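Inspection log for the structure reproduced underneath, given as structure tokens.
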Amino acid sequence: MIKSFGYLLLFIAGMGATVSSSLWGGVTVISAYLLNPRIVAKEIPLTRYQLYTTAAFIVSAMIHPASRLISVGYDQWVYRFLWLYVLDCCVVSLLSVDPGWAFEHAYDFAKTILVAFLFIRIVHKESHIRILFLACLFGVLHAAFMQSVGVDLHWVSKKYGAEFGVLPEPQAPVMLLFLPLFILVAMLGRSWWEKLFCWVSLPVVLNSIVESYQRAYFLGLLAEGVFLLLFLPKRIALRLIPVLAVAVVLYVSVLTPDSYWSWMDTINEPEKEGSAASRYDLYAASGEMLADHPLGVGYRCFIRHSPKYYGVSKAAHSTICTIACETGIQGFSLWLAAVVTTLLLLRRIRKAADPRNPSQIDTYAMAMEIGLIGWLIGGLFHSDHQTDPAYWFMAFAVVLHRLRFAPVDETDPSADVAPIPAGHES
């Protein structure tokens, strides 16, 4: 009960801070998602933490002054594509077999995009985005800790200790998004305590991915390791090798039991394992559904149409198939355009980084780029398009791009804009 009371006090303090500052409102929204008190503070009858913190954050962001960071290049197209995608979700849902069900879920997704959009409004300078990232790091460690140690201590139910986790949505894709951030901050962080915190957190976050026992996220993990070495500047990549070596030793020798590797071995022969083999049939069924409904069957309505094409009610188990079938070719195109634009913004920051002394903005951008790639790889085999932090990353990418490239004399007077190294102005 004492533990639950502590979470309630944090919630009350966060709501109070939201009134005085939209930035702290953003921290509170992030914390409500990643701490998820509904699961870990079950003795408290309050269950709608996310609803209350989101409503308070929206009001606070509208009351307090918006960021004066100006748009640079095409960064505004990230949220333009996302809002058009939301509009498509709503319109297609109204034409579905169950408009009430589909529109309700489309509306919930719209709130996710609204929160992400407001993150762009509340960041006035570099120190503000640092606060948001620190809130994310602490929250991710909390989720990873609760999924394993919290279950062992009976702080949370055992049913949250395996595949799903303690977050409002499946936990492994969230861990994949943030794992590169822990790795790069451990190596390139601004302060010694940030580096130490990320080093200590790294095995806990890795263990959370192991706890999922999902082959898709193991492949995402491998992809992140490869892209960390391929995409980062050579000087940084060489410094990263010892960190990755430690992570590999931890993952292979300490965190993973033999049964884990036996399960991962089925990747080599997917046709011989039932759930993996069924993916082929689901992909074929998805293709037939899309051919019959090129404009989409309605948001979250794939499972309602799947018996006609697959024989039983079944999720698509693929981000691409789910989005294309539910929101149509036009919806998938808009979603993909938002993702690609985000990756291009992050790539531009990475290319402008000084490999000898990357700035804090550069570090965050490189980590987010790799994290999004890992999330996309995992999403080839699971429907991960509703993972809220992925859309936070899209908003953070816009903010980092503006902080990195906006002319100093046209930004908020209090803004901390990172200098652009010579030869990287464009």
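For this structure, a couple of remarks:
- Residues in the stretch 27-67 that are part of a loop (DSSP other than H, G, I, E, B) and among the basic types (Lys, Arg): 42, 48.
- Of the set (1) within 15 Å of residue 204 (Cβ to Cβ); (2) under 20 Å from the mean Cα position of the chain (by Cα); (3) free of Cβ contacts under 8 Å to residues at least 60 places away in the same chain, all apply to residue 183 but (3).
- Exactly one residue among 87, 23 is free of Cβ contacts under 8 Å to residues at least 60 places away in the same chain and assigned to a helix (DSSP H, G or I), and that residue is 87.
- Where a residue in the stretch 203-227 is surrounded by 22 or more Cβ atoms within 10 Å (Cβ to Cβ) and its partner, wherever it lies, is among the acidic types (Asp, Glu), with Cβ under 6 Å and at least six apart: 212/163
- The lone exception for residue 192 - which of (1) surrounded by 20 or more Cβ atoms within 10 Å (Cβ to Cβ); (2) farther than 21 Å from residue 259 by Cα; (3) of a type outside the set (Asp, Glu) it fails: (1)
- Taken over the stretch 93-151, residues that are in contact (Cβ under 8 Å) with a residue 60 or more places away in the chain, surrounded by 18 or more Cβ atoms within 10 Å (Cβ to Cβ) and β-branched (Val, Ile, Thr) amount to 8.
- Residue that is farthest from residue 398 (Cα to Cα) [pool: residues in the stretch 150-170 that are in contact with a Phe, Trp or Tyr (Cβ under 8 Å, 6 or more places away or on another chain) and either modelled with pLDDT of 95 or more or among the hydrophobic types (A, V, I, L, M, F, W, C) (or both)]: 151
- Selection of the stretch 303-317 for residues being within 27 Å of the chain's Cα centre (by Cα) and in contact (Cβ under 8 Å) with a residue 40 or more places away in the chain yields 304, 315, 316, 317.
- Scanning the stretch 147-198 for residues that are under 19 Å from residue 361 (Cα atoms), in contact with a helix residue (DSSP H, G or I) (Cβ under 9 Å, 6 or more places away or on another chain) and not in a helix (DSSP H, G or I) turns up 189, 190.
- Residue 217 being at pLDDT below 85, within 16 Å of residue 374 (Cβ to Cβ) and assigned by TED's automatic domain parsing to the domain that holds residue 353: no
The values are calculated or read from the model by the stated rules, or taken from the named source; none is laboratory data. Computed from a predicted model, the values in this text were never measured in an experiment. Using ideal geometry, Cβ is built from the backbone for each residue, glycine included, and neighbour counts are taken over all protein chains shown.
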